[in-house]
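Data block below; observations after.
The values are calculated or read from the model by the stated rules, or taken from the named source; none is laboratory data. Model, not experiment: these values are computed from the prediction. Quick reminder, even Gly has a Cβ in these numbers, built from the backbone with ideal geometry, and neighbours come from all protein chains shown. Surface accessibility is based on the protein's heavy atoms, side chains included, excluding ligands, DNA and RNA. Shrake-Rupley method; radii C 1.70, N 1.55, O 1.52, S 1.80 Å.
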Amino acid sequence: MHQATTLDGKALAAALLPAQQARASQLTAALSRPPGLGVLLVGEDPASEVYVRHKVRRAAAVGLHSEVVRLPASCSQAALQEALESLNRAAHLDALLLQLPLPAGLDAGWALSQIAPEKDVDGLHPTNLGRLLAGLPGPQPCTPRAIMHLLQATGRPLRGAHAVVVGRSPIVGRPLAALLLQHDLTVSLGHSHSVGLAALARQADVLVVAAGVAGLVDASWIKVGATVIDVGINRRDKKLVGDVQFTAAQGRADFISPVPGGVGPLTVAMLVDNALQLAARRAVAP
Ligand code: NAP
């Protein structure tokens, strides 16, 4: 029976480690201090705690200095603004991450716009999202970068392929569509109001699913021989599952990314990569 190749995000992230370590030590020499990553964590969302731990661990493995600033879930917008301004000003921090989601009552779009664009490690400040759309260099959002890395790891040509992306959030779907266009794919971007999405998905050479709906995609959505990237992270019976029914998809796709162990570890690696890029700019123009 046909069996898709699993795209091992953990192994791909590990393979990037030596080059990142070498870059960090060059930058440490150039800056006379290690590159610095500041993380702002608001509230006590258990999943966010885990993600921040992974990010801090990877930063340490690469040779970055990192520090986590915590605010209570009940903090005011003014307190959040003050914390972001203080991290923006901190001369020893080159990169700044606001862990999402924010607790109810705090506006993530507004908060992201308060991060200095030159420290915006997630590439989610409106200026950097605009630069991405304009095709200008700048920090690019980490999860879309991770997805592009997985697609490149298949060795399949991307130019001219049809990509269907399910989900249009400003964090995943929208910036990913811009990156896919930069790589000359034809892009369809679906969302909760899309009509006939399964039939559209069935035409995709590349299917990326970022809806946050466990098991949304079954075999009938997948073209034989497609590459399927599952971005979703859902908790079901204390286990993490994606948006794609993995076993069913394995029987039709040629490549598939698992959850966990697919997009997630590479997103963390791309975050550190972005931090190194931002530090390198400051090494040139401190
Ligand atoms: P989000 O902001 O909730 O956006 C979800 C998107 O999916 C929206 O555009 C929504 O449409 C669409 N959608 C929801 N249900 C749908 C359905 N039944 N059919 C078609 N489209 C549907 O979520 P997000 O932040 O983009 O995250 C998406 C998933 O990826 C989540 O599970 C999240 O945990 C995961 N994630 C993983 C990583 C990673 O590193 N691995 C990073 C980020 C996110 P509307 O716009 O019409 O509402």
Calculated over region 164-261: convex hull of Cα atoms, volume per residue (Å³)
96 Å³
Among the aspartates and glutamates, select those whose C-alpha is under 19 Å from the C-alpha of K119, and discard any that sit fewer than 8 residues away in the same chain.
E67, E82, E85, D94, D273
So, over other residues within a Cβ distance under 10 Å of L112, counting Lys, Arg +1 and Asp, Glu -1, the net charge is -3
Roughly how tilted is helix 263-284, in degrees to the nearest 10 and between 0 and 90, from the longest Cα axis of the chain?
40 degrees
Probe 1.4 Å, accessible area per residue of the chain, Å²:
45 Å²
Show me the trypsin sites (Lys or Arg not before Pro) within region 172-256 that DSSP assigns to loop and that have at most 12 other Cβ atoms within 10 Å of their Cβ.
K238
Along the positive direction of the dipole of the chain (beta-carbon charges: Lys, Arg +1; Asp, Glu -1; about the Cα centre), which of L37, A161, L112 reaches farthest?
A161
To the nearest 20 debye, region 184-253 has a Cα-centred charge dipole, built from +1 on Lys and Arg Cβ and -1 on Asp and Glu Cβ, of 260 debye
In whole percent, how big is the carbon plus sulfur part of the accessible area of the chain, probe 1.4 Å, protein atoms only?
57 percent
Translational diffusion coefficient (Stokes-Einstein; Kirkwood radius from C-alpha pairs) of the chain at 4 °C, 1.567 mPa s, in µm²/s:
67 µm²/s
Shape metrics for region 203-247, restricted to C-alpha atoms - Rg then Dmax, Å:
10.5, 34
Looking only at the chain, where both bridge partners belong to it, what percent of the DSSP beta bridges are antiparallel (to the nearest 5)?
10 percent
Cα centroid distance between region 9-46 and region 208-286, in Å?
20 Å
Given an 8 Å cut-off on Cα distances and at least 6 residues of separation, report the relative contact order of the chain as a percent.
23 percent
Sum up the charges of everything whose Cβ sits under 15 Å from the Cβ of L278, counting Lys and Arg as +1 and Asp and Glu as -1, but leave L278 out.
+3
Compute the signed sum of charges (Lys and Arg +1, Asp and Glu -1) over the other residues within less than 13 Å, Cβ to Cβ, of Q81.
-2
With the cut-off at 32 Å, tell me which of the pairs K10/K223; K55/K223; K55/K239 have Cα atoms farther apart than that.
K55/K223
Dipole magnitude of the chain about its Cα centre (Cβ charges: Lys, Arg +1; Asp, Glu -1), debye to nearest 20
420 debye
Cβ charges +1 (Lys, Arg) and -1 (Asp, Glu), total dipole of region 147-284, debye:
220 debye
